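Each remark here refers to the structure printed beneath this line.
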Amino acid sequence: EPEVTQTPSHQVTQMGQEVILRCVPISNHLYFYWYRQILGQKVEFLVSFYNNEISEKSEIFDDQFSVERPDGSNFTLKIRSTKLEDSAMYFCASMQGEDTQYFGPGTRLTVL
Amino acid sequence: GQNIDQPTEMTATEGAIVQINCTYQTSGFNGLFWYQQHAGEAPTFLSYNVLDGLEEKGRFSSFLSRSKGYSYLLLKELQMKDSASYLCAVRALKAAGNKLTFGGGTRVLVKP
């Protein structure tokens, strides 16, 4: 069964450094998402991406964040200058049509 | 905006039935989803309602009343492996990127 994959599974970085989180969505899916979950808190929407552009973003997704689909398979989230409060699990999700979003296993980001 | 409420925690006995309620207030409704999340893992899709009524999938059923802004997830014949958090999520309209807004999750503990 096709799955969303994410790399790395765990990323440790110093405050102020740039990180790129990578996702490979399910191959025939058209809608792509990033969510995050701070430890012990709810899953929060960051951004949605469709037809090679951002379709919606949350207040969390400020100028420090960007997304890209550099080729036909990868979907990346970049944080330009990480802060301590960016420490969280970051989940990528994809959806084929207007049905179910399937989540990847997540990247645990730790900012020191 | 969107507001989603669900109980924080529930305890039930193996073999029993548990019902997890979810109430929501939303400015644009395009479906209600239930996900299961084990600690440290990604949300996995359980059930989806867009119309009023009951959807049954094996041991799991989900009910929706759009007029009341209410849903529940019913877990039957509980097994120890069902100990997890159960997340209620409302999907926004396509114009808002089909994003999911999650409740805080209900942690279910299944006891022998």
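The values are calculated or read from the model by the stated rules, or taken from the named source; none is laboratory data. Computed from a predicted model, the values in this text were never measured in an experiment. Cβ atoms come from the backbone with ideal geometry, glycine included; neighbour counts cover every protein chain shown.
Listed values, structure above:
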quantity: Flag if A:F75 is within 11 Å of chain B (Cβ to nearest Cβ) and either surrounded by 13 or more Cβ atoms within 10 Å (Cβ to Cβ) or of a type in the set (A, V, I, L, M, F, W, C) (or both); calculated: no
quantity: Residue identified as closer than 22 Å to A:Y102 by Cα, of a type in the set (A, V, I, L, M), at pLDDT below 95 and not in a loop (DSSP other than H, G, I, E, B) among B:A95, B:A39; calculated: B:A95
quantity: In region A:84-99, residue farthest from the other protein chains (Cβ to nearest Cβ) [restricted to those that are of a type outside the set (G, A, S) and farther than 17 Å from A:W34 by Cβ]; calculated: A:L84
quantity: Residue count for region B:20-30, restricted to those that are part of a strand (DSSP E or B) and surrounded by fewer than 13 Cβ atoms within 10 Å (Cβ to Cβ); calculated: 1
quantity: Region A:100-112: number of residues that are in contact with an Asp or Glu (Cβ under 6 Å, 6 or more places away or on another chain) and within 14 Å of chain B (Cβ to nearest Cβ); calculated: 0
quantity: Filter pass, B:G69 being crowded, with 16+ Cβ neighbours inside 10 Å and more than 14 Å from every other protein chain (Cβ to nearest Cβ); calculated: yes
quantity: From the options A:V67, A:V43, residue that is crowded, with 19+ Cβ neighbours inside 10 Å, under 26 Å from B:A39 (Cα atoms), among the β-branched types (V, I, T) and modelled with pLDDT of 95 or more; calculated: A:V43
quantity: Selection count where residues are in contact (Cβ under 8 Å) with a residue 12 or more places away in the chain, within 14 Å of chain A (Cβ to nearest Cβ) and farther than 19 Å from B:E56 by Cα, scope region B:85-112; calculated: 16
quantity: Unmet criterion (only one of (1) out of contact with any helix residue (DSSP H, G or I) (no Cβ under 8 Å at 6 or more places or on another chain); (2) within 11 Å of chain A (Cβ to nearest Cβ)) for B:N30; calculated: (1)
quantity: Residue in region A:48-67 that is within 29 Å of B:A84 (Cβ to Cβ), hydrophobic (A, V, I, L, M, F, W, C), out of contact with any Leu (no Cβ under 6 Å at 6 or more places or on another chain) and not in a loop (DSSP other than H, G, I, E, B) present; calculated: yes
quantity: Filter result for B:E56 (at the interface with chain A (Cβ under 8 Å from one of its Cβ atoms), surrounded by fewer than 16 Cβ atoms within 10 Å (Cβ to Cβ) and without any contact (Cβ under 8 Å) to a residue 12 or more places away in the chain); calculated: no
quantity: Residues that are within 8 Å of another protein chain (Cβ to nearest Cβ) and in a strand (DSSP E or B), drawn from region A:29-46; calculated: A:Y31, A:Y33, A:Y35, A:E44, A:F45
